[in-house]
Amino acid sequence: MSNSKPILELQNVSKFYDISRNIKELFAGIKPLVKAVENVSFKIFSGETVGILGESGCGKTTLGKLILNLLEPSKGNIYFLSKDINNYEGKQIKEFKKNVQLIFQNPYDALNPRFTIKNILLEPLRSLDFPADQHNSLLANVMNLVKLGNVSEYLGKYPHELSGGQLQRVVLARALIINPLFVVADEPVSMLDVSVRAGILNAFNEAKKKINFTAIYISHDLALVKYVCERTIVMYLGSIVEDGPTDEVVKNPLHPYTKALVSAVPVPHVNQSHEPLPIKGNIPDATAEYSGCKFAERCPMSKEICFNTIPLLENKNEKNQKAACHFV
Amino acid sequence: MNLLSINNLNVHYFGSQGATKAVEDVSLSLKEGELLGIVGESGCGKTTLARSITGVIAPTAKIISGEILYKDINILDPKNKTKAQNVKWKEISFIPQSAMNSLDPVYKIRDQMREVLMIRGGFNQKKADEKSSYLFDLVGIDDKRLRDYPHQFSGGMKQRVAIAMAIALDPKIVIADEPVTALDVIVQRQILDLFDKLKKSLNLSIILVTHDISVIAYTCQKVAVMYAGEIIEMGKVQSVLERPLHPYTMGLNNAFPDLLSKKSDFLVPIEGSPPNLLNPPTGCRFKMRCPFSQVQCNNKPEKFKLSDQHQVSCWRENESEQIRIKASQASTWVNNV
């Protein structure tokens, strides 16, 4: 796998937002930077489904936007099929959009309430210049793919006439109708009820098998990531702390943060461990400067080196599991 | 003795299209020191139920019938109005959904704590501030933060403030509506552990409303499963989760992602969606989505009590062993697997 070319590669990507919090800082010329994503590098190969896991504010959504070329990185480069996505010219950007699609988090907000389902689904075909004679067959295909049921029944309806689960299937269908190579799914089921969630995830998995796209699945829920992704990247405060096969990350987490995260996930079983969490405190301010490990102040095993030296994301075992920690 | 009992409660919302039967014939009880979970999907009436107990339901909602007894006083009875008012917040307090947004952004936390303690509790200002410091200590926030505004707090800390407010007047019962829903897992765990600690140290009884089975499994002793306005199964957490009797509970278990399960395990959805409560179906309300429904299900199922520990509303309760085996197979729930 490592010999083939990655479909997506990030090289030392950072994204800083500057926020002037009050008028004093504004006049004093202080520009506090929120380091939403800092020095992130990874490669994704064709056919993979990679989960990006992290708590709110860890930069996972910013990372998704960077990959979709909706934001420009402050530093670093992103390569899609070996081309830097921020150096596209003219028609290249449209080509990129034909290959990369986004599945939104909230189906209630992601669909135009004045469009019928048919128009919603045809919109990407129209704006990306697909020939009109293909429209109907692509439409029928994708409706079948996401199991939206009886095609003619839905096409004339408006979003408010559908349930949350059906809407999310429409969102899924809209992203998949152009047969993209790469899909970014940003918390696609977090707004849905448990009993319908499973249906969406199964549709996603099946669609993946059929049209064979590569995907990034952004989520805060480890149990869902485990269900969908074979590889998981764990983020903390804008940096990657662990990257490896999902099963290993769950069973044998290396980084102390991942360990805490895994043990904090409640499971639907009665006799579960009530042991206190190994970490304390809250996620610190994202504007802070770090000369060492960002997790050091909350970490139960931190030593002096953790505060002075930034740990590198390195391969820690033969299972290709990487962690950014001095003590693993 | 039951601290709180609810008998045959019916709550309807009145709108232009008629009455939405949000809570239908709900009975449950809470003993002292018990942690009861109410679990269900959105729109199943769990929030309406929680709000009815504290008397903070929406203006369009009306309690049609039933009684809510707190220490044998029916707090819904107009004759007990003054008694009922004293029960509110002093005996039964409430942590609303997304408590993080329920703090007033333009007042300091200290002033909001004073509001509870002085107006409702009759404290003077000095006493109120002392009590606030004590409460902050209890929920694990530095009392210097009392002088801060809500926007200076993180989500988890706002939730802690909401908990501090709820226990400010030493209530016997705290009703928490989705207290950990918008929180990250680590913060969620900390808050759940806090509930556990407070329950033990203050001898609180807690009703925890949530959509998350694993939260119930982690914290509660007793659980009531709601579907379409009704409690369809209730009992000890252990027996409800491990030996569910109602097909809906079984389906919910299948649909729930489990970190400890194998990758090969298939998440099984429950097809369809909950019924519209404007015109709920007659008989069992789950029958349309239930793979085990029969003609009999067109009649309202009785509440079968298997023991003090476990009750269920399903006609096929006596076949639950076989049904549970079938329900664990994905093909029972989805046609084309």
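With the convex hull of the Cα atoms taken as the outline of the stretch B:168-264, the averaged projected area works out to 7.6 nm². For B:Lys31 and A:Asn87, the FRET efficiency from 1/(1 + (r/R0)^6), where r spans their Cβ atoms and R0 equals 51 Å, is about 0.15. Inter-part distance, the stretch A:261-287 to the stretch B:89-144, computed on C-alpha centroids, equals 27 Å. Mean-square fluctuations from a GNM of chain A, with a 10 angstrom spring cutoff on Cα atoms, peak among A:Tyr88, A:Tyr79, A:Tyr227 at A:Tyr88.
Only aspartates and glutamates eight or more places from A:Lys83 in sequence, or on another chain, were considered; those with a Cα closer than 13 Å are A:Glu9, A:Glu95. Near B:Ala99, once Lys and Arg are set to +1 and Asp and Glu to -1 for all other residues with Cβ below 12 Å from its Cβ, the sum equals 0. Here the average projected area of the convex hull drawn through the C-alpha atoms of chain B stands at 18.7 nm². Take the alpha carbon atoms of the stretch A:288-302, find their center, do the same for the stretch A:137-159, and report the distance between the two centers in whole angstrom. Between the Cα centres of the stretch A:288-302 and the stretch A:137-159 lies a distance of 50 Å.
Axis angle, to the nearest 10 degrees, between helix A:132-145 and the longest C-alpha principal axis of chain A: 60 degrees. Extension gain, A:Asp247-A:Ser4: 0.36 nm per intervening residue step, less the Cα-Cα distance, totals 85.1 nm. On a straight-distance basis, which aspartates and glutamates could pair with B:Lys127 in a cross-link, Cα separation under 14 angstrom, same-chain partners fewer than 8 positions away excluded? Cross-link targets: B:Asp111, B:Glu115. The alpha carbon convex hull volume per residue for the stretch B:170-218 rounds to 74 Å³. Pairs exceeding 31 Å between alpha-carbon atoms, taken from B:Lys81/B:Lys236; A:Lys147/B:Lys158; A:Lys94/A:Lys319; A:Lys75/A:Lys322: B:Lys81/B:Lys236; A:Lys147/B:Lys158; A:Lys94/A:Lys319.
Look at the stretch A:277-284: the mean tally of other chain Cβ atoms within 10 Å of its residues' Cβ atoms is 3.
In chain A, the convex hull through the Cα atoms has an average projected area of 20.2 nm², a quarter of its surface area. For the protein assembly as shown, a Kirkwood hydrodynamic radius built from all Cα pairs, placed in the Stokes-Einstein relation at 37 °C and 0.692 mPa s, yields a translational diffusion coefficient of 121 µm²/s. Please give the net charge around B:Phe14, taking every other residue with its beta carbon less than 14 angstrom from that of B:Phe14, where Lys and Arg add +1 and Asp and Glu add -1. For residues surrounding B:Phe14, the net value is +2. Beyond 29 Å in Cα-Cα separation lie the following of the pairs B:Lys79/B:Lys126; A:Lys31/B:Lys126; A:Lys15/A:Lys98; A:Lys98/A:Lys251; B:Lys90/B:Lys305: B:Lys79/B:Lys126; A:Lys31/B:Lys126; A:Lys98/A:Lys251; B:Lys90/B:Lys305. Can you flag which of B:Lys108/B:Lys222; A:Lys91/A:Lys209; B:Lys71/B:Lys199 are past 27 Å Cα-Cα? Where the Cα-Cα span goes over 27 Å, the pairs concerned are B:Lys108/B:Lys222; A:Lys91/A:Lys209. Distance from the alpha carbon centroid of the stretch A:43-83 to that of the stretch B:233-304 works out to 39 angstrom. Of the candidates A:Lys303, A:Lys118, A:Lys208, which one comes out as most mobile in a Gaussian network treatment of chain A with C-alpha springs shorter than 10 Å? Taking springs between Cα atoms under 10 Å, the residue moving most is A:Lys303.
Just so you know, all these numbers are worked out from the coordinates, no wet-lab data involved. Keep in mind the model is a prediction, meaning the values are calculated, not measured. A quick note on method: Cβ atoms are made from the backbone with ideal geometry, for glycine too, and the neighbour counts reach across all protein chains shown.
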